[in-house]
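Report on the structure given below.
The values are calculated or read from the model by the stated rules, or taken from the named source; none is laboratory data. Computed from a prediction, not measured in an experiment: that's the story for all the values here. As a convention, Cβ positions derive from the backbone with ideal geometry for all residues, glycine included, and neighbour counts pool all protein chains shown. Each accessible area value is taken on the protein alone, full model and side chains, heavy atoms only, with ligands, DNA and RNA left out. Shrake-Rupley method; radii C 1.70, N 1.55, O 1.52, S 1.80 Å.
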Amino acid sequence: MKTEVRGNSASISLQNPSLFINSTPQSSITGALRGCLGSLDGACIEKLLLHCASALESNDVTLAQQVMWVLNNVASTVGDPNQRLTSWFLRALVSRASRFCPTAMNFNGGSTFQRRLMTVTELAGYVDLIPWHRFGFCASNSAIFKAIQGYPKVHILDFSITHCMQWPTLIDALAKRPEGPPSVRITVPSCRPPVPPLLTVSTEEVGHRLSNFAKFRDVPFEFHVINDPSLSPPPGGVLSKESSANFQFESLLSYLNPTSLDLREDEALVINCQNWLRYLSDDIKGNTANSSPDSCLRDDFLDIIKALDPRIIVVVDEDSDLSAPSLSSRITTCFNYLWIPFDALETFLPKDSSQRLEYESDIGHKIENIISFEGYQRIERVESGAKLSERMRNAGFLSVPFWEETVTEVKSLLDEHASGWGMKREEDMLVLTWKGHNSVFATAWTSSTILEDSNLGCN
């Protein structure tokens, strides 16, 4: 007899369900399992997830199966936020088990994510669903707009995962500049992390559409892609799990120089990093052609872009620490952090909404990478805004304070969304919050010589 853990796209069989029912009452963990059965309490679910992780790490198959069975009785992809979040954690743990002890646990299939490619219109709706991305777009665009005041030419190096969705708003704002719009160049790498959202069209097609919009707004515009076969994904933009595990950024670093980027002295250089730095490894490595001894790829990237002498660097990412080597630590932090989007979606979308299920599936993709993988295969390594700020200062950058106009614009944006969203200042950062919990941070940076220009920032 088998008990099945069922998801939208996978079915995993657990052997000997009698183990879950007939365990001896003397077992303390059995008591904990019985006490949590059917409970929707987040603290109890977190405890069960940690028990399961501990069992997997100690190769205790029986205990792992017990906990999974209990989690399966709580999890539901169409339940409340805790149930929905639990379903994705359960899939991630099953995926990890099938990877680290496949012969012992007899899983059929494992976790499989069928990524759907979006049209540009669908991506726009996806980004607008909650302010997770729009917050960063708004704060960054406002900071960039201020930093390039008076410049007739602007060059933006865009490192992001949202396919240039940020730029129509900035182009529109620049079109309304009293002194007239600057000419704008945007350069993007052909590579991107193999993570959602994914598009049905190429990066070049995205650039063509941006060019048409800029032409409509009478903004002189150029769009360039850093083309290198070693950086490009296969046709369609979809990478297999094996390919995604081997995805590296080292090749990109050699292209980040004034000649390859065609940097020009009469342009204000802007570097935009939206949910990007987390995918640059923070593992310390040896000395290579593009790195210093005892450095990591993330620090190497910062050193290289600093040498380009940009007018402003904006960095936006999720305000959480999910790069810990300890699985238990990652589970605790991830469960308490990624509850936020699940809870936010609950406030305005039906439980069976396809939009909601797809958005949550993309979060599930992230959870699987954080929980199921180790080493170079674990590419989701976000660090908190506080840690990022320390890293930026150590690299020699100085913080650019956000203007009050930026704060006003962000608050106006949040008024379009559910009342649980808010914003606060924390030292170098603006922080998006949900019911008081930090969600996403936005920061702006520059070099000491450029900061002397009073146009850059103001408290």
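Here are the numbers for the structure shown:
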| item | result |
| --- | --- |
| Relative contact order of the range 125-185, pairs being alpha-carbon contacts under 8 Å that are 6 or more residues apart, as % | 37 percent |
| Approximate spin-label separation Ser329-Asp80, in nm, with each point projected 7 Å along Cα-to-Cβ | 3.2 nm |
| Using a Förster distance of 41 Å, the FRET efficiency for Glu57-Asp218 (Cβ separation, nearest 0.05) | 0.10 |
| The range 250-362 - charge dipole about Cα centre, Lys and Arg +1 at Cβ, Asp and Glu -1, debye rounded to 20 | 140 debye |
| Cα-projected label distance for Gln377 with Val120, points at 7 Å along beta-carbon direction, nm | 3.7 nm |
| Solvent-accessible heavy-atom area per residue, rounded to whole Å², over the range 328-459 at 1.4 Å | 40 Å² |
| Charge sum, other residues only, whose C-beta stays under 15 Å from Val184's C-beta, Lys/Arg counted +1 and Asp/Glu -1 | +1 |
| Estimated dipole of the range 339-411 in Debye, rounded to 20 [Cβ of Lys and Arg +1, of Asp and Glu -1, Cα centre] | 320 debye |
| Accessible-area composition of the range 329-379, carbon plus sulfur, in percent [1.4 Å probe] | 55 percent |
